[in-house]
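J.: So that we are looking at the same thing, I have put the structure below in structure tokens.
Taken together, the values in this text are just the output of simple stated rules run on the coordinates, not laboratory data. A quick note: this is a predicted structure, and the numbers were derived from the prediction, not measured. We place every Cβ from the backbone using ideal geometry, glycine too, and count neighbours over all the protein chains shown.
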Amino acid sequence: MITKNEIKRIKNLQQKKNRKEEGLFIAEGKKTVLDLLKSGCKAEVIYTVDEIQNSDFISVTPKEMERITLLKSPSNVLGIFHIQNQKKHSQKGVMMVLDGVTDPGNLGTIIRLCDWFGISTLICSPNTVDCYNPKVVQATMGSLSNVLCVYTDLIAFLKKSNKPIYGTFMEGDSVYDTSLDTEGILVMGSESHGISKEVTKSIQHKLTIPRFGSASGAESLNVALAAAIILGQAFKP
């Protein structure tokens, strides 16, 4: 039986400050939890509604799972994992940089994209949503363990880099007519404000995804969709 203190502790991990203090984050869903375990991510405790037969997991009733879940529709598995210590990040290959991306679903999808395209490090501005936010973790579907998210001052980071720096804008060179350097940095901005003026000063090559539809159609693409298109172009044979 889950105690009130356990429930309170789990609920408190919704808040970034509590995740930071405890060094823990929540993952929900069988696939997400198993993928995190498979990748070597250390769990403190895993609760399951008889979904997985494992002596190390704690069995709970559906009612108890409803009390601890952060989802509208509870999954059958919830794990509490240790936040891994930041290791030295790789500077090799294409690097992606996010400036003020605040939507958890978009960040989670971008982490999955990085995993798919073999980008091991994702550089984020301090005002980008926390990668251990439960909604981000849910959207990564286990890819979080394969991509190192580093939160840092973007201006200082870009100034130190000797890589070519690309940025996405509403106006620029068509991504379909541009060959991205295999050692380049790709900067993408927030859903509502784009890349900040300060970071824009470091951009050497402005890219855009040209619109083929009607001018009265969609005003823009969300950052995750744009990232998928541009990475597809960057890694094409």
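J.: Which one, ALA234, SER90, GLN15, is farthest towards the positive end of the dipole of the chain when Lys and Arg carry +1 and Asp and Glu -1 on their Cβ?
T.: After comparing all options, I get GLN15.
J.: Using a 4.7 Å cut-off between beta carbons, which cysteines in the chain end up with no partner cysteine at all?
T.: Lone cysteines by the Cβ rule: CYS41, CYS114, CYS124.
J.: Which of LYS42/LYS159; LYS11/LYS42; LYS11/LYS92; LYS92/LYS201; LYS11/LYS38; LYS42/LYS197 have a Cα-Cα distance over 28 Å?
T.: LYS42/LYS159; LYS11/LYS92; LYS42/LYS197
J.: Placing unit charges on C-beta atoms (Lys and Arg positive, Asp and Glu negative, everything else neutral), compute the dipole magnitude of the stretch 148-237 about its Cα centre in debye, rounded to 20.
T.: With Lys and Arg at +1 and Asp and Glu at -1, about 180 debye.
J.: Okay, moving on. Hey, what do the phi angles of the stretch 145-156 turn into as Karplus ³J(HN,Hα) couplings, whole Hz, using 6.51/-1.76/1.60 and θ = phi - 60°, x for Gly and Pro?
T.: 6, 9, 10, 8, 9, 10, 9, 7, 5, 5, 4, 5
J.: Additional query: Sequence neighbours fewer than 8 away in the same chain don't count; with that in mind, list the aspartates and glutamates whose C-alpha is under 13 Å from LYS206.
T.: Partners within reach: GLU171, ASP173, ASP177.
J.: If you put +1 on each Lys and Arg Cβ and -1 on each Asp and Glu Cβ, how big is the dipole of the chain around its Cα centre, in Debye rounded to 20?
T.: For this selection, approximately 480 debye.
J.: Would you mind checking which residues have amide H under 5 Å from CYS149's amide H? H placed 1.01 Å from N; only 5 or more apart, or other chain.
T.: For CYS149, whose amide H was placed from the backbone, the distant partners under 5 Å are LEU122.
J.: Under a Cβ-only charge scheme (Lys and Arg +1, Asp and Glu -1), can you give me the dipole magnitude of the stretch 4-82 about the Cα centre, in debye to the nearest 20?
T.: The calculation lands at about 420 debye.
J.: Could you please report the charge total around ILE7, scoring K, R as +1 and D, E as -1 over all other residues with beta-carbon less than 10 angstrom from its beta-carbon?
T.: Residues near ILE7 contribute +3 overall.
J.: Ok, one more. Can you spot the aspartates and glutamates whose alpha carbon is less than 17 Å from LYS4's alpha carbon? Ignore those fewer than 8 places along the same chain.
T.: Here the aspartates and glutamates satisfying the reach criterion relative to LYS4 are GLU64, GLU66.
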